[in-house]
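Some notes on the structure that comes next.
Read-outs: derived from the displayed coordinates by stated rules, not from any lab. In this text, all values refer to a predicted model and were calculated from it rather than measured experimentally. Here the Cβ positions follow ideal geometry from the backbone for every residue, glycine too, while neighbour counts run over all protein chains shown.
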Amino acid sequence: MGSDASKNQPAGNFPKGKSESEWRTVLNPEQFRILREKGTEMAGSSKLDSHYPKQGTYNCAGCDTPLYTAETKFKSGCGWPAFYAEIPGSIDRHVDRSWGMERTEITCKSCGCHLGHVFKGERFNNPVDERHCVNGISLRFADEQ
């Protein structure tokens, strides 16, 4: 993680970024583990996995930036909330070579928090054959008024 001084510096250049010590004050320990340390929640542990509203947005739990719409959420059976498309401009994609394979990590473009991974070519019945497998703890649902 670097020196103690780096813990008080914002990581990256994000409009809603915070230092790691600031993140620790606004996230609970499990959120910090997943959003800031790139962890993964246990499959099936999020109530958002089986949450299928007709409208609304799923926002970043770190900074409240809208990331996904209810219309792009689908039932994948993987144990985590799944979406086939993000709100344009809301996420960044990064190559993740951890775990001995190559995956595509997704992070919030506004604050840099870890969301999950994108998988392609799984033949889900959606317009792009893509699954954004997102940790439920990385999301907050907001009803549209």
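Would you mind checking the pairs K16/K75; K18/K73; K75/K120; K18/K109 and listing those with alpha carbons more than 24 angstrom apart? Among K16/K75; K18/K73; K75/K120; K18/K109, the Cα-Cα distance tops 24 Å for K16/K75; K18/K73.
Of D143, D129, the sequence from fewest to most neighbouring Cβ atoms within 10 angstrom is D143, D129. Counting only DSSP H runs of at least 4 residues, each contributing -39500 (n - 2.57), and dividing by the residue count of the chain, the helix-based mean residue ellipticity at 222 nm comes to -1000 deg cm²/dmol. As a rough footprinting exposure proxy, the listed residues Y68, Y84 were ranked by other beta carbons within 10 Å of their own, and the order from fewest upward is Y84, Y68. The alpha carbon convex hull volume per residue for the chain rounds to 121 Å³. Less than 5 angstrom separates the built amide H of I91 from those of K109, all sequence-distant by 5 or more or on a different chain.
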